[in-house]
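Heads up: the structure comes next, in C-alpha cells.
Quick note: the coordinates plus some simple rules give every number you see, no bench work behind them. Nothing here was measured: the structure is a model prediction, and the numbers come from that model. Here the Cβ positions follow ideal geometry from the backbone for every residue, glycine too, while neighbour counts run over all protein chains shown.
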C-alpha cells in the first residue's frame with residue numbers, strides 16, 4: 001500500500017539531472033520491436049531482391065561439396081584445403097545477410113533513446129539474484145504486457161502468413177514440376193516476398209511499442225514533489241553552485257545595466273573611479289533615474305559604453321560620488337540633489353539643441369550639500 005502511494009505521488013516530470021543520471025545507469029528508452037522489425041524488413045527485402053541468386057549460389061556450394069577429386073580424398077594435405085575452401089564459400093554466400101542485419105540492428109538501436117554505453121548497466125547486481133524479484137518480473141504487469149504483445153504478434157504474423165500461402169499456393173505447387181535451378185530461384189523469390197509481407201506487419205507492433213516504451217521510461221523516471229525539492233536544494237545548496245549562480249546573475253545584471261547606458265541622457269564621472277548614468281523623461285513629473293553606476297573597472301566600462309553610444313559625459317566628482325552612495329539602480333536621485341542634477345541635465349539638453357540654432361549654455365559647477373559630500377571611501381567628508 002505504501003509503495004502504491006509512493007508511486008501515485010510521483011507526478012512531476014523528471015528533471016534534467018534525473019534523466020542524465022538514468023542515462024549514466026544505462027536506463028534509456030528502448031524498443032525491441034522496432035529493432036526486430038527494422039532488421040527483419042531489411043533482411044526480407046534483401047531476400048526478395050537477391051533471394052533467387054543467393055539460393056542458387058548456396059545450392060552450387062552444396063553441390064560442389066559432394067564432388068571430390070580422388071587426389072583430395074587420398075591426400076592428407078589436400079583434403080583439409082578442400083574442406084576449408086567449401087567452408088569459405090558457404091560463409092561468403094551468407095555473409096551479406098549477416099552484415100546487413102548487423103548494420104540495421106546498430107542503426108535501429110539509436111532511433112529512440114540514442115546511443116548510450118554504461119558500465120553500470122552490465123555490472124553484476126545482487127538484486128538480480130533475488131528469487132522474489134525474479135518472480136515479480138515473471139508475473140508482474142510488465143510480463144503480462146509482454147505476453148499480450150507476443151500473442152498479438154503471433155496472431156498478426158500467422159494471419160498474414162496464411163494469406164500469403166493461400167494466395168501463392170499454386171506457385172508453390174508448380175515448383176515441384178520445374179527443373180532444379182529455376183525452381184530454387186523462384187523459391188527464393190517467393191520466400192523473400194512472403195518474408196517481406198510478413199515482416200511488414202511488425203511495423204504495426206513497432207508503431208505501438210515505441211510510444212509505449214517512451215511512456216513507460218518517462219513514468220519510471222517521474223519524481224515526487226519532495227524529490228524535486230530535495231534535488232533543487234542539493235544542487236543549489238552547494239557553495240560552488242551558489243557562487244556560479246551569483247556570478248551568472250551579476251553578469252546578466254551587468255549586461256542589462258550596460259545596455260541601459262546607451263539609453264541614458266548623461267553620465268556623471270569622478271572622473272576615473274566613479275560613474276553614474278542618468279535618464280530623464282521631460283514629459284514626466286519624476287526626477288532623473290539612475291540606470292547604471294559603478295566604480296573602477298565598471299566605471300570605465302560605463303564611460304566606454306557612453307562614448308560608444310554618443311552619451312554626454314559630465315565631470316563632477318562630488319556629484320558623482322553623492323549619487324553613487326545614496327541612490328540605488330533604477331531609483332530617482334535624492335531630493336537634496338535635485339538642483340545639482342537639474343543643472344547638469346539642462347546643460348546636456350542645451351548641447352543637444354545646438355543643432356537647432358540654440359545658444360550654448362555655460363557649463364555649470366553643481367554644488368553638493370555638505371551632508372552629501374562623500375569621499376572615495378563612502379564616508380561623508382567633515
Would you please put 333-340, 322-329, 148-155 in order of how densely packed they are, using the mean number of other Cβ atoms within 10 angstrom per residue and starting with the highest? 322-329, 333-340, 148-155
Under the 0.36 nm per residue contour assumption, what length would be gained going from the current alpha-carbon distance of residue 170 and residue 222 to full extension? 13.1 nm
Using a simple spin-label model with points 7 Å from Cα along the Cα→Cβ vector, what separation in nm is obtained for residue 351 and residue 254? 2.7
The stretch 248-372: translational diffusion in µm²/s, Stokes-Einstein, Kirkwood Rh over Cα pairs, 20 °C, 1.002 mPa s: 147
